[in-house]
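Step one of this worksheet: look at the structure below.
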Amino acid sequence: QRYCQDVYRGQLASVHSAARNQELQKLARTHTVLAPWIGAVTSCRAGQWESHWEDSSPWNYANWAPIHPIRTVTTCTTLSTRDGLWRSRVCFQLRPFICQY
């Protein structure tokens, strides 16, 4: 997130529809086989696990893979280039990312 902000003056991508999810999946597939970061974070707030977008936009769409999001530690989210599903990952992994402006 910080690299996206500092270098590109953007935010990690937020996804608000199936069409946008598919568009980003196709875009990512042209650049990498690794699942890139998107801007969803899952964390415990006031005793409740919840997911939110880094850009503070409304949480109105999700495309989680089965058993995700993981609700044991704060996690960031990847978008699979293979199936378009989202998966929780520890946030310090180095991966490609989708930055929006």
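The values are calculated or read from the model by the stated rules, or taken from the named source; none is laboratory data. Predicted, not measured: the structure shown is a model, and the values here were computed from it. Cβ placement follows ideal geometry from the backbone for every residue including glycine, while neighbour counts extend to all protein chains displayed. For accessibility, only protein heavy atoms count, side chains too; no ligands or nucleic acids. Shrake-Rupley method; radii C 1.70, N 1.55, O 1.52, S 1.80 Å.
Are any of the residues in region 39-48 in a loop (DSSP other than H, G, I, E, B) and over 21 Å from Gln93 (Cβ atoms)?
The answer is yes; a qualifying residue exists.
Just to be sure I understand, how many residues within region 1-25 are within 15 Å of the chain's Cα centre (by Cα) and of a type in the set (Lys, Arg)?
2
Filter region 86-101 down to the residues that are open to solvent by less than 50 Å² (accessible area, probe 1.4 Å) and part of a loop (DSSP other than H, G, I, E, B) and list them by number.
Pro96, Ile98
Whether any residue in region 50-68 is of a type in the set (A, V, I, L, M), in contact (Cβ under 8 Å) with a residue 60 or more places away in the chain and open to solvent by 40 Å² or more (accessible area, probe 1.4 Å) is what I want to check.
Looking through region 50-68, none of the residues is of a type in the set (A, V, I, L, M), in contact (Cβ under 8 Å) with a residue 60 or more places away in the chain and open to solvent by 40 Å² or more (accessible area, probe 1.4 Å).
Return the residues of region 2-34 that are in contact (Cβ under 8 Å) with a residue 60 or more places away in the chain, in a loop (DSSP other than H, G, I, E, B) and open to solvent by 20 Å² or more (accessible area, probe 1.4 Å); say none if nothing qualifies.
Arg9, His31, Thr32, Leu34, listed by residue number.
Starting from region 69-85, take each residue that is farther than 18 Å from Ser14 by Cβ and open to solvent by 40 Å² or more (accessible area, probe 1.4 Å) and list its partners that are of a type outside the set (Ser, Thr, Tyr) and at pLDDT 95 or above, counting only C-beta distances under 6 angstrom and pairs at least six apart or across chains.
So the pair list comes out as Arg71/Trp49.
Might you check whether a residue that is within 16 Å of Asn21 (Cα to Cα), in contact with a Phe, Trp or Tyr (Cβ under 6 Å, 6 or more places away or on another chain) and assigned to a loop (DSSP other than H, G, I, E, B) occurs anywhere in region 63-77?
Yes, region 63-77 contains at least one residue that is within 16 Å of Asn21 (Cα to Cα), in contact with a Phe, Trp or Tyr (Cβ under 6 Å, 6 or more places away or on another chain) and assigned to a loop (DSSP other than H, G, I, E, B).
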